[in-house]
Each structure stands twice: as C-alpha cells, then as structure tokens.
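Structure record follows, encoded as structure tokens.
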Amino acid sequence: MIRELKGWHVASGFVVAFGIIITVNLTLAFNAVQTFPGLEAKNSYVASQSFDVNRDAQLALEWDVAAELDGDQLQLTILEKGTPIAPEIEEAIFGRATFVGHDQTPDFVFRDGALMAQVDAGPGNWNLRLKARSADGTLFQQRIIVGDAE
C-alpha cells in the first residue's frame, strides 16, 4: 500500500532535521564557552609593545626548563648553563590546557637539583604556566607542556 506524502509530513521532517542541527550547535557552543580558560592578556596591543624586549631578556637568561610527572609528583627542572637553579617562583599554575576547573597551584620545594611538588594529576594533557624571577630581576614566563601522568 502506497501512502500519500502530505505537506505536514514534509514540514515535520524539516522541523525534526533542523531541530537536531540547532540542538547540536547550541550544545557545542555552550560547552565551548563553559570550558574557555580566559584571556592571555587584557589588552593584546599593549602587551605586544614590550613583547620583543621581554622575549630577548628572557632568552638572554639561557634557561633550559622542563617539567615531568611521575604519578602525582611534578618535577620542574631549570638549568642555567647546565647547572640546576631554584629561582623565585612568582606564579605557577598546573592544569589542563583548555579547562581552568582543574587548575592547581603547586608548592615547589628544591630537592636533588629540581623543584618538586605534589599535584593531583590524572591521565591526559597537562600544562604548567610558570612565572619565575631570575637573580637579576628578569621575569621568565613560559607555558610548559607536561603531558600524560603515568
């Protein structure tokens, strides 16, 4: 038996199809806004005016910085010309790359040539956003990708 396709059948199909599309788009937009970590700089133009000078001063320090996780132990190694150092840590935020809800402020202790801190880390991508001050007063800031916790 062949049924006749009526106008309300077509209208219902369009409403359902576009309803699904709109629902998915709104869900994705809502989640994108909810997980946005925020701005890097309040005014990017003003920040750009001193970027080159700050970068050159930071590069002149010749620091080799690395961070790694061993379980819930975060190890931050800062080498100055091959020698481990413990500069003043002005700010350190350990968290996810795209979600500030898991951000932590590690309490570093210099031990065995590295800065060590206990963190609550699980599997996935982790970042350490570091601001440290050298002995001569130069600000060093860098986002260090830590990677998966074992």
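The values are calculated or read from the model by the stated rules, or taken from the named source; none is laboratory data. Here the structure is a predicted model, which is why all the values come from computation and not from measurement. Here the Cβ is made from the backbone with ideal geometry for all residues, glycine too, and neighbour counts use every protein chain on show.
Has region 139-149 got any residue that is assigned to a strand (DSSP E or B), at pLDDT below 95, more than 15 Å from the chain's Cα centre (by Cα) and among the charged types (D, E, K, R)?
no
From Thr27, Thr35, grab the single residue that is under 30 Å from Gly147 (Cα atoms), free of Cβ contacts under 8 Å to residues at least 12 places away in the same chain and surrounded by 10 or more Cβ atoms within 10 Å (Cβ to Cβ).
Being under 30 Å from Gly147 (Cα atoms), free of Cβ contacts under 8 Å to residues at least 12 places away in the same chain and surrounded by 10 or more Cβ atoms within 10 Å (Cβ to Cβ) holds for just one of Thr27, Thr35, which is Thr27.
Here's the yes/no breakdown for (1) modelled with pLDDT under 95; (2) in a helix (DSSP H, G or I):
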| residue | (1), (2) |
| --- | --- |
| Ala11 | no, yes |
| Gly19 | no, yes |
| Thr27 | no, yes |
| Leu39 | yes, no |
| Ser48 | yes, yes |
| Asp52 | yes, yes |
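If the requirement is being surrounded by fewer than 10 Cβ atoms within 10 Å (Cβ to Cβ) and either in contact with a strand residue (DSSP E or B) (Cβ under 8 Å, 6 or more places away or on another chain) or closer than 24 Å to Asp103 by Cβ (or both), which of these qualifies: Glu68, Glu40?
Every option except Glu40 fails the conditions.
Out of region 104-119, which residues are part of a strand (DSSP E or B), touching a residue at least 24 places away in the same chain (Cβ under 8 Å) and not small (Gly, Ala, Ser)?
Phe110, Leu115, Met116, Gln118
Okay, residues lined up against (1) among the small types (Gly, Ala, Ser); (2) surrounded by fewer than 13 Cβ atoms within 10 Å (Cβ to Cβ); (3) more than 29 Å from Val53 (Cα to Cα):
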{"site": "Gly82", "(1), (2), (3)": "yes, yes, no"}
{"site": "Pro87", "(1), (2), (3)": "no, no, no"}
{"site": "Phe110", "(1), (2), (3)": "no, no, yes"}
{"site": "Gly113", "(1), (2), (3)": "yes, no, yes"}
{"site": "Ala117", "(1), (2), (3)": "yes, no, yes"}
{"site": "Gly122", "(1), (2), (3)": "yes, yes, yes"}
{"site": "Asn125", "(1), (2), (3)": "no, yes, yes"}
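Which condition number in (1) under 27 Å from Val33 (Cβ atoms); (2) surrounded by 13 or more Cβ atoms within 10 Å (Cβ to Cβ); (3) basic (Lys, Arg) is the one that Arg143 fails?
Condition (2) is where Arg143 drops out.
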